[in-house]
Structures are given as C-alpha cells and as structure tokens.
1. Evaluate the Kirkwood expression for the hydrodynamic radius of segment 16-89, namely the inverse of the mean inverse distance over all pairs of different C-alpha atoms, and round to one decimal in Å.
2. Identify the trypsin sites (Lys or Arg not before Pro) of segment 60-101 meeting these criteria: DSSP loop state and at most 13 other C-beta atoms within 10 Å of the C-beta.
3. Placing unit charges on C-beta atoms (Lys and Arg positive, Asp and Glu negative, everything else neutral), compute the dipole magnitude of the chain about its Cα centre in debye, rounded to 20.
4. With a cut-off of at most 11 other beta carbons within 10 Å, and DSSP calling the residue loop, which trypsin sites (Lys or Arg not before Pro) in segment 158-240 qualify? Please list them.
5. Using the Kirkwood formula on the Cα atoms of segment 6-52, what hydrodynamic radius do you get, in angstrom to one decimal?
6. Could you work out how far the C-alpha centroid of segment 1-77 sits from that of segment 179-207, in angstrom?
7. Hey, what angle do you get for helix 193-208 against the long axis of the chain, alpha-carbon based, 0 to 90 degrees rounded to 10?
8. Just from its helices, what would the mean residue ellipticity at 222 nm be for the chain, if runs of 4 or more DSSP H residues each count -39500 (n - 2.57) and the sum is divided by every residue, rounded to the nearest 500 deg cm²/dmol?
Amino acid sequence: MRLMLFICLVLSPLILLGMELFHPAHFTANPGMTAYLCHPQPHDPHYDALSYFGPNWWFLLHMVQTPLVVLVGIGLLILTDTFHRDPAYKPKGEIFSWIARAAIFVFVVYFTVLDSIGGIALGRQLIVIDQLFAAGEISTYDAHVIQRFLDVMWVDSWIGGIGSFVSLAGSWAVFIAATSLAIYLTINKRMHLLGAALLIGFGWELQVAHASYHGPIAFGLLVIASIIYLYQNRLSKQVA
C-alpha cells in the first residue's frame, strides 16, 4: 500500500508538476483560445507557462494528465481508508472521511470530463483543422467559422474549459476533498498540522486552476504533504 501511495501521491504529482509548467493560462480573452492554442508560442509572462509547443502538445499534455489525475484521486481515496483498514481500528470523525470520498468521486469524474472535452478532444480538433486547411479541403472562411465555434464552446456555461459547471464542479470538489481529508487525518493523529495545511493548500491551488502556475504549486504542495504523511506513519509503525 505504501508503494501505491508513493506512485499516486508523490510520483504522479511530480510528473504533473513538471507538465503543468507548460500549460498556459489567461489566453481566453486575449488573443482568444484558438488564436493562441493553434500555434506554438514563445514564453510570455502574461500566460504564465514556460512555453507552449502547439496543438500537438495540448493533446499530449491532456492524454498524460488525465490518467495521472485519476491516480492522484486513487491515492487520496487510500488515505480515507476506503480500500483497507484494520477491523480493530476505530477512527474519529468518519463523517469527514465520507465527505472526502464523495468529493474525490466528483473531482475525478468532472476533471476527467473537462480534460476529455477541453484537452484531448480540443487538441485533436485543432490539429485536424490545421491539416484540412493545409490540404486545401477547407477555406479560410470555413476555418474561421470552425474556430469561432470552438471559441464559443470553450466558454460554454456547461462544458467550457473555464468557469463552466464541469470545470467548477471538479475544482471545488478537490478543495472539499482535500480539506475534509486533512481534518480526518489530523484528528486521528495520522498527519501533522503542517502536512494538513499543505494538503488544504493543494486543494485550494488546484481549485483556482490546474494550469501554470497554480497547478505546479498545487501538485508540489501535495508531494510535500504526502512525503510528510509517509514519513510520519512509517515512524508510527516503528514505535508501535
């Protein structure tokens, strides 16, 4: 179980931390979603990311990111004692564990939906548009109409990439999950206050955004909190 926790809550977030440094933000209004994402972009402090490599990178980023986020969700579920617990262990505040489980479920579902629509599918759509335009199969006008449609869908109130029901549901769910889990672990003396604070910080930063720089900060906080948890519980077992 410790190996699984290491994979889910240390290794996976470390990979996500590195990848999210190349996930741009603040491009929706200026120059527009498709205008920015359709082409590689040099570093610009306004967009936070270290660089953006074009639509193929957008597609690859979310293809890798999606399963890694699911692994993070599994790791958080392990901490709620969902998969294994000593029958003799009677934890305090199980209501917080159940709140965390429900919130993790919502987070994993809606984050996956968001990445599928606004990441994987959008990346492929941008690539195909470029290919069709280069092959002369669609005109400049056709490409403009398609791109306008994608821009509108990006800000759709239900499934858009920012500020939508799907986006906000996943974002607030991870904050609720992290906060509830931190309370549950703290009152059962399985996590120091520092680790709990870092875990809550992870939830808050990821609630704000998973793009740079909030995403890298969030996953960095999760890595540190998880290392603290693993070290503390290793010592606890040795003392026991």
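A short reminder: the numbers here are calculations on the coordinates, not readings from a lab. Being a predicted model, the structure only gives us computed values, none of them experimental. Here the Cβ is made from the backbone with ideal geometry for all residues, glycine too, and neighbour counts use every protein chain on show.
1. 14.5
2. The qualifying sites are R85, K92.
3. About 1280 debye.
4. Here the trypsin sites (Lys or Arg not before Pro) that fit, given the DSSP loop and packing criteria, are K189.
5. Answer for segment 6-52: a Kirkwood hydrodynamic radius of 11.7 Å.
6. For segment 1-77 versus segment 179-207, the Cα centre distance is 23 Å.
7. Here the helix axis deviates by roughly 20 degrees.
8. Estimated from H runs of four or more residues: -22000 deg cm²/dmol.
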